[in-house]
1. What ratio of Cα Rg to 2.2 N^0.38 Å holds for the stretch 224-350?
2. Tabulate in residue order the Karplus-calculated ³J(HN,Hα) for the stretch 353-362, using 6.51 cos²θ - 1.76 cosθ + 1.60 with θ = phi - 60°, rounded to whole Hz; enter x for Gly and Pro.
3. Can you tell me, using C-alpha contacts under 8 Å and at least 6 residues apart, the relative contact order of the chain as a whole percent?
4. Checking the cross-link filter: which aspartates and glutamates have an alpha carbon closer than 20 Å to that of residue 45, excluding same-chain neighbours under 8 positions apart?
5. What is the spread of the Cα atoms of the stretch 122-273 along each of their three principal axes, largest first, in whole Å?
6. May I ask for the angle, rounded to the nearest 10°, between helix 415-431 and the longest principal axis of the chain, with both axes built from Cα atoms and the value confined to 0 to 90°?
7. Check the straight Cα-Cα distances from residue 446 and name the lysines below 28 Å, setting aside those fewer than 8 residues away within the same chain.
8. For residue 156, which sequence-distant residues (separation of 5 or more, or a different chain) have an amide H within less than 5 Å of its own amide H, given hydrogens modelled in the peptide plane?
Amino acid sequence: MNATQLRRTLPVGAAIAGLVLLAGCSAAGGGDSADGEVTITVAGKPTSERPEELAAFERNLQEFSELHPEITIEADESQFDVQTFQAQLAGGQLPTVFYVPFTEMQGLIARQQVADLSASIPADSIVNEINPSILDIVQDADGATYGIPINAYSMGLLYNRDLFAQAGLDPNSPPTTWDEVRAAAKAIEDKTDAQGFASMTIENTGGWVLTTTSYAFGDTLESEDGTTATVDNEGTKEALEFYRDLRWEDNSFGSNFLLGYGDAMNAFAAGSIGMFVQGADAYASVVVNLGMNPDAFGVGPLPQQPNGLGTLGGGTAAIVNPTATEAQRAAALEWIEFVNFRGFTDQDTAVATAKASSEDGLAVGAPALPLFNAEVTDRHLDWIKDYINVPRENYEAYLTSVNDITLVPEPATKAQEVYGILDTVVQAVLTREDADIDSLLSDAQKSAQAAIDAG
């Protein structure tokens with residue numbers, strides 16, 4: 001079963017609810033005029049508390065308006081909030097262009113709460129160059145496109161290249177199996193002053209990492225429609241047994257088992273951790289912000305068991321209000337491409353942006369999941385090559401993994417609550433040698449289902 005198959009079954013109840021909600025979605029309609037002019041509303045305008053971002057937004061708006069005098073943009077500061085989004089949608093308050101996490105897309109499609117953009121995307125649009133595995137997240141079973149991904153990430157295996165070298169491991173060949181991860185962790189533990197492997201365990205991060213590791217071991221934590229918890233599964237059990245082996249047999253899991261996101265980043269940047277599961281976008285945090293030697297930063301694809309489903313992926317998609325007219329949908333696509341992708345289609349913009357980032361001390365060319373296909377990505381990198389300030393050759397395996405490893409979305413319902421429930425499971429396995437994994441997962445299954453049923 002792959003990520004596409006995971007999303008194919010649409011809940012009938014959700015679809016009916018969507019028809020009801022759709023009736024209330026009217027904010028975007030009625031923006032056309034007989035002379036060809038069109039008005040759209042767009043979300044994401046920075047607040048005055050972020051003056052630099054606001055200034056950049058307003059420059060973009062001015063330039064866009066000069067290029068497209070027939071399109072009037074009315075911008076607001078609205079942004080996705082899980083607590084208010086559905087009410088905003090039901091109340092017809094959604095702007096023409098809005099931004100949502102990938103986790104929302106399949107539910108929006110199933111409930112018919114988002115515009116089908118397939119017929120509005122021109123044949124020569126750069127949207128058609130987005131990597132298929134990423135574009136798939138915003139498409140339905142028939143391949144219709146309901147959103148535009150504007151950024152993406154995937155979980156991988158972060159590793160310290162210096163520690164690999166000290167342990168006699170090849171820094172250019174990160175582990176590709178979990179057995180290799182275990183062997184590398186033991187070597188680092190035995191031959192360096194660092195611990196071989198680590199995992200975050202608190203503030204829902206333990207469950208978050210266990211979820212992506214479960215995907216790699218072949219199972220998910222919820223059914224596709226998010227109505228049934230599937231926490232008590234063989235893949236998660238195997239992932240926890242992997243943890244237990246490193247902790248209690250190899251002694252390569254360290255001694256701090258109350259580790260949060262910031263703790264893990266600090267420890268990794270300081271060279272105290274050999275490997276842990278995290279996204280490649282951690283580069284900015286550990287190298288730019290925490291001062292880790294960029295040559296020591298390594299990231300590889302998340303290893304997969306033979307029946308592995310892929311790796312947890314996420315990101316942001318631009319959506320269009322389903323009541324938008326055909327002209328508004330076309331105008332919305334013009335705006336989305338202009339503000340998000342101009343650096344991939346216009347060399348001058350790409351160079352100016354990279355130059356400014358480099359002068360500000362930011363990472364240019366940092367490892368990230370490539371949003372576009374190799375041709376577009378390579379062209380962009382060639383434009384900005386004079387300003388790239390990170391050793392991209394160290395991340396080749398991760399950067400090409402988008403073509404090989406399926407992106408699996410986060411659990412569709414109460415993901416954070418499920419992660420929190422699993423935090424305690426991870427902590428138990430790492431702190432009690434006699435922890436009963438079967439019993440822990442059985443209890444977690446009941447708690448996760450109760451959280452889902454609570455609505």
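1. In units of the globular-protein estimate, the stretch 224-350 measures up at 1.53.
2. Couplings: 5, 5, 4, 5, 5, 4, 5, 7, x, 8 Hz.
3. Computed value for the chain: 24 percent relative contact order.
4. The qualifying aspartates and glutamates are 53, 58, 63, 66, 74, 76, 77, 81, 334, 337.
5. On the principal axes, the stretch 122-273 reaches 56, 37, 27 Å in Cα extent.
6. With rounding to tens, the tilt is 10 degrees.
7. 237, 414
8. Correct list: 278, 279, 280.
No value in this document is a laboratory result; all are computed from the given coordinates. These numbers were taken from a predicted model, which means no experiment stands behind them. Glycine gets a Cβ as well: all are built from the backbone with ideal geometry, and neighbour counts include every protein chain shown.
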